[in-house]
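The values are calculated or read from the model by the stated rules, or taken from the named source; none is laboratory data. Just so we're clear, the structure is a prediction, and the values are computed from it rather than from any experiment. For neighbour counting, all protein chains shown are included, and Cβ atoms are generated from backbone atoms with ideal geometry for every residue, glycine included. Note: areas computed on protein heavy atoms with side chains; ligands, DNA, RNA excluded. Shrake-Rupley method; radii C 1.70, N 1.55, O 1.52, S 1.80 Å.
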Amino acid sequence: MTKKILVLPGDGIGPEIVAEAMKVLNLFADEGSLPMEAEYAHIGGAGYDAEGKPYPETTQRLAKAADAILLGAVGGPKYDTLDRPLRPERGLLAIRADLGLYANLRPAILYEELASASSLKPELVANLDIMIVRELTGDIYFGQPRGIETLPNGERRGFNTMVYTESEIERIGRTAFDTAMKRGKKLCSVDKANVLEATELWREVMIRIGKDYPEVELSHMYVDNAAMQLVRAPKQFDVMVTGNIFGDILSDAAAMLTGSIGMLPSASLNKAGVGMYEPIHGSAPDIAGKGIANPLATILSVAMLLRYSLNQPDLAARVEAAVKQVLAQGFRTGDIYTEGCEKVGTAAMGDAVISALRS
């Protein structure tokens, strides 16, 4: 059956890195191993430029019909003066909510070839392999009420609401426990239950559903300690599960353990297994159009797309092996370059991955 893939290049370096990732999918299509049909649409600033909205109706329609979505990045300073509902990031939040993409999987894997690029000592990060499971459609990013108001004394006040229901916590918890069962059977739930009632409930629910997974070793950690432990002894973690805002922060911290945020993919899944796949870095408008962005996180996002939404684990493994081969051959974009390697641009790195896939 032909799979429908919606491609959302987005803003900044998005079109450049997505073009390299699409080389991989097109290779598989050409060789007959992946019957697919790719359609392109706008999101973020590109959506606003084209149709006046960060999540246009055309994109909504195509997204709901897709088997998987490949996203580049959204945002840029040229949109900072827009009214808040029209800003690019609102398009990203909207598509997550529209498709029910509640489970964000963010691996933090340190490739042996990049050990020297990490800011930590090699012995602390060698063979690092963490999976952070982040709840994506609740918490303070979506809670109501929210806004900016003027108080009677004329002072302005901004406010947001952190809120979680039991069912929201349970579904992300079960995703995390299921993930842990496929890995090292260790799960650390991160909260701030000593201060925040929303995360006090989070901990209670995690303990309750943990009884259904007796093989998984469940631990709990306050978010401030978790941030410290990621830097002090990251290999103590296997799978981490946490809410939206804590996961946003911790996953970026974990990314830097691996040497570059430009190396890490992510998957955002709904209950039907439809997912949106994107690199965790931003749109990097300062280097957009220069052909120097690292496309490997986007290419590795394709591997996750193949594994989680299209049920093609063999193709996913081929992509991951090709990336590892390219790194072993010494190819590096500027963000991961070290002396003695060969510095290449965006397109050359993508071509190197294609050559590895064909070899």
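With respect to the conditions (1) in a loop (DSSP other than H, G, I, E, B); (2) open to solvent by 50 Å² or more (accessible area, probe 1.4 Å), Gly143 lacks only one, and its number is (2). Which of the residues that make up the stretch 324-359 are of a type in the set (D, E, K, R), surrounded by fewer than 14 Cβ atoms within 10 Å (Cβ to Cβ) and touching a residue at least 40 places away in the same chain (Cβ under 8 Å)? Hit for the stretch 324-359 is Arg358, nothing else. The residues of the stretch 173-206 that are of a type in the set (Val, Ile, Thr) and under 21 Å from the mean Cα position of the chain (by Cα), listed by number, are Thr175, Thr179, Val190. Taking the stated definitions as given, is Ala41 open to solvent by less than 50 Å² (accessible area, probe 1.4 Å), aliphatic (A, V, I, L, M) and farther than 26 Å from Pro313 by Cβ? Yes; evaluated as a whole, the condition is true for this residue.
With the condition being more than 17 Å from the chain's Cα centre (by Cα), I'd like the helices (runs of 4 or more DSSP H) fully within the stretch 294-359 carrying at least 1 qualifying residues.
313-328, 346-358
Cβ separations smaller than 6 Å between residues 6+ apart or across chains give the following pairs from the stretch 272-291 residues that are among the small types (Gly, Ala, Ser) to residues that are open to solvent by 40 Å² or more (accessible area, probe 1.4 Å): Gly275/Tyr308. Restricting the first member to the stretch 104-129 and to residues that are closer than 21 Å to Cys341 by Cβ and modelled with pLDDT of 80 or more, and the second to residues that are open to solvent by 40 Å² or more (accessible area, probe 1.4 Å) and assigned to a loop (DSSP other than H, G, I, E, B), the beta-carbon pairs closer than 8 Å and six or more apart or on different chains are Leu110/Asn127.
Of all residues assigned to the stretch 19-41, none qualifies as being aromatic (Phe, Trp, Tyr), in a helix (DSSP H, G or I) and in contact with a Pro (Cβ under 9 Å, 6 or more places away or on another chain). With respect to the conditions (1) over 22 Å from the mean Cα position of the chain (by Cα); (2) among the β-branched types (Val, Ile, Thr); (3) surrounded by 19 or more Cβ atoms within 10 Å (Cβ to Cβ), Ile209 lacks only one, and its number is (3).
Out of Asp212, Asp224, one residue alone is acidic (Asp, Glu) and under 26 Å from Val125 (Cβ atoms). It is Asp224.
With respect to Ile95, determine if the residue is within 22 Å of the chain's Cα centre (by Cα), surrounded by 19 or more Cβ atoms within 10 Å (Cβ to Cβ) and without any contact (Cβ under 8 Å) to a residue 60 or more places away in the chain. Steps first, please.
Details: within 22 Å of the chain's Cα centre (by Cα): yes; surrounded by 19 or more Cβ atoms within 10 Å (Cβ to Cβ): yes; without any contact (Cβ under 8 Å) to a residue 60 or more places away in the chain: no.
In short, no.
When Ser268, Ser251 are checked against the criterion of being touching a residue at least 60 places away in the same chain (Cβ under 8 Å), closer than 20 Å to Leu120 by Cα and open to solvent by less than 10 Å² (accessible area, probe 1.4 Å), Ser251 stands alone in meeting it. Tallying residues that are surrounded by 15 or more Cβ atoms within 10 Å (Cβ to Cβ) and without any contact (Cβ under 8 Å) to a residue 40 or more places away in the chain within the stretch 18-35 yields 1. Selection of the stretch 247-270 for residues being more than 21 Å from Ser119 (Cβ to Cβ) and either of a type in the set (A, V, I, L, M, F, W, C) or modelled with pLDDT under 90 (or both) yields Ala267, Leu269. Figure legend. Inter-residue proximity from the stretch 46-63: first residues modelled with pLDDT of 95 or more, second residues basic (Lys, Arg) and assigned to a helix (DSSP H, G or I), beta-carbon distance below 7 Å, spacing 6+ or different chains. Indicated pairs: Pro54/Arg90. Quick check: is even one residue across the stretch 166-178 at pLDDT below 95 and part of a helix (DSSP H, G or I)? Yes, there is a match, as at least one residue in the stretch 166-178 is at pLDDT below 95 and part of a helix (DSSP H, G or I).
Only residues that are touching a helix residue (DSSP H, G or I) at 6+ places or on another chain (Cβ under 9 Å), without any contact (Cβ under 8 Å) to a residue 24 or more places away in the chain and either within 18 Å of Asp30 (Cβ to Cβ) or open to solvent by 70 Å² or more (accessible area, probe 1.4 Å) (or both): list them for the stretch 303-315, please.
Listed by number, the residues that qualify are Arg307, Asp314.
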